[in-house]
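Asks: Let me begin by handing over the structure; questions about it come next.
Where a number appears in this text, it was derived from the coordinates with a stated rule and is not lab data. It should be emphasised that the depicted structure is a prediction, and the values quoted were computed from it without experimental measurement. Cβ sites come from the backbone with ideal geometry, for glycine too, and all protein chains shown count toward neighbours.
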Amino acid sequence: MQVAITCRHGSISQDMREYITRKSEKVVRYLGEVSEIDVTIEFEGSRVSVEMLVEIEGYHTIVAHVEGDDAGAAFDRTLSKMEQQVHRYKEKSRDHRRDKPVSEVTRLPDTDQDEADLEETDRDEEE
């Protein structure tokens, strides 16, 4: 997994880059199929906007965007929003409709055995 950090119209310290990389990799813990994380920090006068894109196995992209006065605080809020969105994505991708395990649903019933059990039950009731 790759974390790409881009700065526009300004720069950040190496310590901040390491912090962003370390915290961004935390998203992988929630969602194992992350292929790339892009963090873009744009300085616009006294304002800073942070955008984070998480690409999931090449076909889904989740985006979080926050503006603020401090790059570190804006990144932390962006990361928080991203974690919420990843959690929501993960919940949607889960199938909550199943009452029985897949193994029971896909197993074919043994019709001969079922009929034999039914006949024994009928005989027991007659006696």
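For (1) in contact (Cβ under 8 Å) with a residue 12 or more places away in the chain; (2) within 17 Å of VAL3 (Cβ to Cβ), each residue gets a yes or a no:
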position: GLU18; (1), (2): no, yes
position: SER24; (1), (2): yes, yes
position: VAL34; (1), (2): yes, yes
position: ASP38; (1), (2): yes, yes
position: GLY45; (1), (2): no, no
position: VAL50; (1), (2): yes, yes
position: GLU83; (1), (2): yes, yes
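Asks: Sticking with this one: Determine whether VAL3 is within 27 Å of LYS92 (Cα to Cα), in contact with a strand residue (DSSP E or B) (Cβ under 6 Å, 6 or more places away or on another chain) and either touching a residue at least 60 places away in the same chain (Cβ under 8 Å) or not in a helix (DSSP H, G or I) (or both).
Replies: So VAL3 passes the test.
Asks: If we scan the stretch 7-17, do we find a residue that is part of a strand (DSSP E or B) and in contact with a strand residue (DSSP E or B) (Cβ under 6 Å, 6 or more places away or on another chain)? Spell out the reasoning first.
Replies: Here is the first cut: in the stretch 7-17, the ones part of a strand (DSSP E or B) are 7-8.
Keeping just the survivors that are in contact with a strand residue (DSSP E or B) (Cβ under 6 Å, 6 or more places away or on another chain) gives 7-8.
Within the stretch 7-17 (the criterion being part of a strand (DSSP E or B) and in contact with a strand residue (DSSP E or B) (Cβ under 6 Å, 6 or more places away or on another chain)), the answer is yes, since at least one residue qualifies.
Asks: Applying the selection to the stretch 24-64, what residues are surrounded by fewer than 15 Cβ atoms within 10 Å (Cβ to Cβ) and either closer than 17 Å to SER80 by Cα or touching a helix residue (DSSP H, G or I) at 6+ places or on another chain (Cβ under 8 Å) (or both)?
Replies: GLU25, LYS26, ARG29, TYR30, HIS60, THR61, VAL63
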